[in-house]
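As structure tokens, the structure follows; a few thoughts come after it.
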Amino acid sequence: TDGSVPNTLVIANCEVVKPRVAAAEHISQFNEEARSPFVKKYKTIIHPGEVNRIRELPQSSRIVATHTDSPDVLIWDVEAQPNRHAVLGATHSRPDLILTGHQDNAEFALAMCPTEPYVLSGVTGTFMTGKDKSVVLWSIQDHITTMATDPTKSPGSGGSIIKQNKPGEGNEKAADGPSLGPRGVFCGHEDTVEDVTFCPSSAQEFCSVGDDSCLILWDARVGTGPTVKVEKAHNADLHCVDWNPHDDNLILTGSADHTVRMFDRRNLTSNGIGSPIYKFEGHKAAVLCVQWSPDKSSVFGSSAEDGLLNIWDYDKVGKKVERASRSPSAPAGLFFQHAGHRDKVVDFHWNASDPWTVVSVSDDCDTTGGGGTLQIWRMSDLIYRPEEEVLAELEKFKSHVISCATKA
């Protein structure tokens, strides 16, 4: 942010270490300040404006959307983009597609649809003019269809969203790229929209949360107004929301009131007040991100301004085995805390391809004077596996040790 280097979007390859193979020599040589040998930059894109959020299209890992300090959502084909050198004064890279429709800067609330190439965005920001509190929906397929049917449009290659540059065209302005208007603009929030997410099984159903303390469910098939509006989902601003990919009825929300709440969409309100199934109380500051685990339907993570990333299991709430195995002061359902970050954990993501592996990012400006930290980590399988399995493995290990000792 000091202007010495341009804003960038970095694509990297990461070698994720296999479970239970951490070598003692690697651990002893670990240096927190050194660049990781396991993460190698693959490509750098010079981004027009700051990069506030990145989301990958589930249907194609080469397509990503970014939120920046403008009303537009930028779409990038990271395979087709040229690799750039991030030097002072370099012209920025050109987005492959620009999604228009917001009236104010859209900086954080961004989601990609699991079932179809749809993008969802909300306006978030401190410097809003107050005219845009909307949720906007686009279909990238609309751009591909338009290019295929309109001979005046520059065709992409094989249905790609890439617009071929004409001779002499450069990277001068983001506005030079092709743009796409929205499928719909959805209005119902009274304050800024902090987060949005799709229903895992439908591109037409989604929900949003905001600084008005509301959780709103939408259905694009029935109009642009809310289908359900929970007016007091929390006791403060809502920062994040996630929809359970294993169970369409379960929705998580995180708030400035330090809590995570779980709602069943079949029973969301009581006299306009949010009626959660359960309130998870384990953070000591505002919750910034929540996400369900892809590995187990009852497990989710939450990160907060207290620097912690908590892992919860709703199935353990109220069970005697859970209460007996943890200290009496531990919040119900909490079974793991990642405390490796030095400051607020602003975002994290479960690795769908590598079970129980997480990437998390902290904003370390308050403690280090600038910059952030990205960590890739995995909890021990002895933590989340069923207790009987762990005990059986320990007995097996003990018998092996005894056998070896007897032979010696």
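Straightening the chain between residue 90 and residue 378 buys 99.9 nm, computed as 0.36 nm per residue apart minus the Cα-Cα spacing. The peptide list 48-55, 356-363, put in order of mean Cβ contacts within 10 Å with the highest first, becomes 356-363, 48-55.
With the largest listed first and rounded to whole Å, the semi-axes of the equivalent ellipsoid of the stretch 221-300 from the Cα gyration tensor are 20, 17, 11. Placing a label point 7 Å from the Cα of residue 279 along the Cα-to-Cβ direction, the residues of the stretch 214-234 whose backbone N falls under 12 Å of that point are 233-234. With respect to the cross-link table entries 296/316; 133/229; 296/344, which display a Cα-Cα separation exceeding 19 Å? The answer is 296/344. Find out how many positive minus negative residues lie around residue 8, taking Lys and Arg as positive, Asp and Glu as negative, among other residues whose Cβ is under 12 Å from that of residue 8. Residues near residue 8 contribute +2 overall. Using the Cβ of residue 20 as centre and a radius below 11 Å, the other residues enclosed give a net charge of +1, where K and R count +1 and D and E count -1. Computed on the stretch 188-407, with alpha-carbon pairs under 8 angstrom and 6+ residues apart, the relative contact order is 11 percent. Peptides 335-342, 92-99 ranked from most to least packed by the mean count of surrounding Cβ atoms within 10 Å: 92-99, 335-342. Residue 245 sits among other residues whose Cβ lies under 12 Å from its own Cβ, and their net charge, with Lys and Arg +1 and Asp and Glu -1, is -3. Stretching the chain fully between residue 351 and residue 235 yields a gain of 38.6 nm (0.36 nm per residue, less the alpha carbon separation). Take the convex hull of the alpha carbons in the stretch 188-407; its mean projected area over all directions comes to 15.6 nm². Taking label points 7 Å from Cα along the Cα-to-Cβ direction, residue 385 and residue 264 give a separation of 3.3 nm. Would you please state which residues of the stretch 217-232 a label at residue 141 would reach in this model, taking the label point 7 Å out along Cα→Cβ and a backbone N cut-off of under 17 Å? Counting only backbone N, you get 220-222.
The listed peptides 290-297, 391-398, 210-217, ordered by packing as a protection proxy, come out as 210-217, 290-297, 391-398 (highest mean of other Cβ atoms within 10 Å first). On full extension, the segment bounded by residue 32 and residue 395 gains 127.0 nm, given 0.36 nm per residue less the C-alpha separation.
Only the coordinates and a few stated rules stand behind these numbers; no lab work does. Source: prediction; values computed, not measured. Here the Cβ is made from the backbone with ideal geometry for all residues, glycine too, and neighbour counts use every protein chain on show.
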